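Some notes on the structure that comes next.
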Amino acid sequence: MSEEFKSKYQEKLTSAAEAVQMVKSGDRVLYSEFGLFPEALDEALAKRAAELRDVDVRSVYFTRVPKIVEADPGQEHFILNDYYFGPVSRKLGEENLCFYIPNTYHQGPRVLKKYQEADVSFITVSPMDAQGFFNFGIANSGTGASISKAKIIIVEVNENVPYCLGGNQESIHISRVDKIVEGNNSPLPDIALPEPTEADNKIADLLMRELEDGCCINFGITGLHNAFGRRIAESGIKDLGIHTELLVEYCMDLNRSGAVTGARKNIDKYKMTYTFAIGTRKLYDYLHQNASCASYPVNYISDPRVIAMNDKVFATYKALEMDIFGQVSSETIGTVQKSGSGGQLDFIMGAFNSHGGKGVVCLPSTFTDREGVVHSTITPTMRVGSIVTVPRSLVQYAATEYGVVQLKSKSTWERAELLVSIAHPDFRDGLIRAADEMNIWVKSNKK
């Protein structure tokens, strides 16, 4: 490292307590994304709660409850907003302590640049390299855009952040940084994929019948994707590519086994491209300076036009509810926000436009509520207040544990008939009656 960069580093180095003095009442503060929570800066900002009012704090997928929430349960000083709404934000949202920002994921960076003013940006980064760059590590979806709008940029160095090689905007140079804080060096979140349910396993078996050599696949943080990854590993399928929002440990394992090579990709050939990664230390160590992986902002990864440049894109996403018209909700149950939309719409569109591509919306056929009552996830109409994540005109394939159906170019009665065929048998008669009442002609029920 040159003496020039060492000198600049020392000039800008400060404590977290000093750095957060730059935040004023009424400011908008952007926290770094996903597993790169700015822990030391958040703790220091929380200690200033009594001095501040109306500070708007935003991030993409909080992975821990911010200290500013614990310091201000009445929201007199801070208000929390999330563009992705994972489990932490969902729980806080139930207590009216965090709010969702609706977002089409690939448009996120453009939305930030076009519509969002930002006063201060807290970004967790890897240690500075010899050329004066701090790397964004495992999360790069909107970081470049957020710091482009911030009046003040404060980086929190964490020695546990891997240096993730990328396609663009994966790092920031010291010349653009206002303050440097050496953080607590806490380990990054250790998050394993959920164990699959029986329905997840059955759906994964069906998906394997659709998967071919050379497909370009994505992964999500679900039990279904856990089951799907296991089956791919055991299948003998070869020359898969990875182009995904989320890089998980199965991507690493499949790359090491030779199932994923990227050899048939048209863009980013031989690279596993992603915009954020979540897993365990094993994954983070694998990503460190690994040239087989490329981190990109989400306006590249999730742009349907970019997705479609690869052939045989096989995109799979989970949904919460689907009506017999073909509308999909993956983010709410009624008016209750359960998740963000993520890149589901982006990848479903991109997969359809890919040569030989398939976009599959997956859901178990039933769910059980808190009272133990079983309900169908395929419904006559969406629940009142449910948000449509994928409109019926854009759905290509739908899958439950009872089958996979293709809905493009199907009439309303054909769609209803196909969706009834993959609903749980206990609910099919009721769905047929509802279709008749709504004047949808279901062929199998027409005399």
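The values are calculated or read from the model by the stated rules, or taken from the named source; none is laboratory data. Nothing here was measured: the structure is a model prediction, and the numbers come from that model. Note that we place each Cβ from the backbone using ideal geometry, even for glycine, and neighbour counts take in every protein chain shown.
Inspection of the range 251-258 finds a residue satisfying the criterion of being more than 16 Å from the chain's Cα centre (by Cα), within 22 Å of Val298 (Cβ to Cβ), of a type in the set (A, V, I, L, M) and modelled with pLDDT under 95. The single condition from (1) touching a residue at least 60 places away in the same chain (Cβ under 8 Å); (2) in contact with a Phe, Trp or Tyr (Cβ under 7 Å, 6 or more places away or on another chain); (3) surrounded by fewer than 23 Cβ atoms within 10 Å (Cβ to Cβ) that His225 fails is (3).
Look at the range 81-98: where a residue is in contact (Cβ under 8 Å) with a residue 12 or more places away in the chain and a partner is acidic (Asp, Glu), sitting 6+ places away or on another chain with Cβ atoms under 6 Å, you get Ser89/Asp82; Cys98/Asp82. Looking only at residues of the range 30-50 that are within 14 Å of Thr143 (Cβ to Cβ) and of a type outside the set (Ser, Thr, Tyr), we find that the one that is nearest to the chain's Cα centre (by Cα) is Phe34.
Restricting attention to the range 253-268, the residues that are free of Cβ contacts under 8 Å to residues at least 60 places away in the same chain and over 16 Å from His355 (Cβ atoms) add up to 11.
Restricted to the range 298-384, the set of helices (runs of 4 or more DSSP H) holding at least 2 residues that are modelled with pLDDT under 95 is empty. Here Val111 meets each of (1) in contact with a strand residue (DSSP E or B) (Cβ under 8 Å, 6 or more places away or on another chain); (2) without any contact (Cβ under 8 Å) to a residue 12 or more places away in the chain with one exception, condition (1).
Name the residue that is nearest to Arg305 (Cα to Cα), counting only residues in the range 342-364 that are crowded, with 24+ Cβ neighbours inside 10 Å and polar (S, T, N, Q). Result: Ser354.
Ile422 - would you say it is touching a Phe, Trp or Tyr at 6+ places or on another chain (Cβ under 6 Å) and either hydrophobic (A, V, I, L, M, F, W, C) or surrounded by 19 or more Cβ atoms within 10 Å (Cβ to Cβ) (or both)? Judged against the criteria, Ile422 is a match. Taking the range 222-254 as the range and being over 15 Å from Leu206 (Cα atoms) and among the aromatic types (Phe, Trp, Tyr) as the test, only Tyr250 passes. Among the residues that make up the range 270-285, is at least one of them more than 22 Å from Gly342 (Cβ to Cβ) and hydrophobic (A, V, I, L, M, F, W, C)? Within the range 270-285, none of the residues are more than 22 Å from Gly342 (Cβ to Cβ) and hydrophobic (A, V, I, L, M, F, W, C).
In the set Glu234, Glu245, only one residue is within 17 Å of the chain's Cα centre (by Cα) and not basic (Lys, Arg); that residue is Glu245.
Is it the case that some residue within the range 45-60 is more than 13 Å from Thr124 (Cβ to Cβ) and in contact with a Phe, Trp or Tyr (Cβ under 6 Å, 6 or more places away or on another chain)? For the range 45-60, residues more than 13 Å from Thr124 (Cβ to Cβ) and in contact with a Phe, Trp or Tyr (Cβ under 6 Å, 6 or more places away or on another chain): present. Restricting attention to the range 70-120, the residues that are closer than 30 Å to Ile307 by Cα, within 21 Å of the chain's Cα centre (by Cα) and not aromatic (Phe, Trp, Tyr) add up to 20. Take the residues in the range 1-29 that are among the small types (Gly, Ala, Ser) and touching a strand residue (DSSP E or B) at 6+ places or on another chain (Cβ under 6 Å); name whichever of them is surrounded by the most Cβ atoms within 10 Å (Cβ to Cβ). Per the stated criteria, the residue is Ala19.
In the range 363-397, of all residues being touching a residue at least 60 places away in the same chain (Cβ under 8 Å) and in contact with a Leu (Cβ under 6 Å, 6 or more places away or on another chain), the one that is farthest from Ile432 (Cα to Cα) corresponds to Val390.
If you go through the range 171-185 and pick out every residue that is touching a strand residue (DSSP E or B) at 6+ places or on another chain (Cβ under 8 Å) and either modelled with pLDDT under 95 or in a strand (DSSP E or B) (or both), you end up with 8.
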